[in-house]
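A short worksheet on the structure shown next.
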Amino acid sequence: LNIIYNMAVLKEYENVQKLSLYLANHFKYIIKNTSQVVPLDDELANTKNYLEINRLRFGDLLSYQINVTPVYNSYTIPMLTIQTFVENSVHHGFIERSKPFQIAVEVHPWPQVLARIISTGFTARTF
């Protein structure tokens, strides 16, 4: 909320609107999902919301890619699994805020489905 306040003070109204929508979508995702598992597609949409919030904070220093074969979109995973790993990547990996930081989220077949979070801040995390 401090980010929204500061953007409003700086009269960055378009960014205030964007950030408000991203936060609303994030809150809806958390409130509407009463199940502990969600479709991968929903989890990735929430993760994208989180990343867009951070792109508003860090501008062009933060970039990301989400690469998923559409056949996996209906697979279910525990809620907030991917978003939590991405959040930790930003929090713990994006230490030097003057250099570009990239995050890639990939989902591949493996004996089961394999999700990888790769960032320029530290080595890949796989779950």
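The values are calculated or read from the model by the stated rules, or taken from the named source; none is laboratory data. Source: prediction; values computed, not measured. Virtual Cβ from ideal backbone geometry, glycine too; neighbours counted across all protein chains shown. Surface accessibility is based on the protein's heavy atoms, side chains included, excluding ligands, DNA and RNA. Shrake-Rupley method; radii C 1.70, N 1.55, O 1.52, S 1.80 Å.
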Next item on the list: Determine the per residue accessible area of the chain with all protein chains present and a 1.4 angstrom probe, expressed in square angstrom.
Entry: 62
Next item on the list: Report the accessible area of TYR13, computed with a 1.4 Å probe over the heavy atoms of all protein chains in place, in Å² rounded to the nearest 10.
Entry: 130
Notebook entry, point to check: If you take the beta carbon distance between TYR13 and HIS108 as r and set R0 to 35 Å, what does 1/(1 + (r/R0)^6) give as a FRET efficiency, to the nearest 0.05?
Noted result: 0.30
Item checked: Furthest towards positive pole of dipole, ILE118, TYR13, ASN2, structure part the chain, Cβ charges -> ASN2
Notebook entry, point to check: Once the whole set of protein chains is in place, how much accessible area is left on THR34, using a 1.4 Å probe, in Å² to the nearest 10?
Noted result: 130
Next item on the list: Bin width 5 Å, alpha-carbon pairs only: give the P(r) of the range 6-59 as whole percents, running from 0 to the bin holding the largest distance.
Entry: 4, 18, 25, 21, 13, 9, 5, 3
Note to self: Calculate the FRET efficiency for ALA24 and ILE66 from the Cβ-Cβ distance with a Förster distance of 25 Å, rounded to the nearest 0.05.
What the structure shows: 0.75
Check: In debye, nearest 20: dipole of the chain around its Cα centre with unit charges on the Cβ of K, R (+) and D, E (-)?
Finding: 160
Next item on the list: Would you mind getting me the FRET efficiency between ASN33 and GLU96? Use the beta-carbon distance for r and R0 = 35 Å, nearest 0.05.
Entry: 0.50
Checklist line | Cα-based convex hull, the chain, per residue volume (Å³, whole number) | finding: 108
Checklist line | By accessible area with a 1.4 Å probe, ligands and nucleic acids excluded, highest first: order of HIS92, HIS108, HIS26 | finding: HIS92, HIS108, HIS26
Margin query: With the crude spin-label approximation of a point 7 Å out along Cα→Cβ, what separation in nm comes out for ILE3 versus THR120?
Written below: 1.9
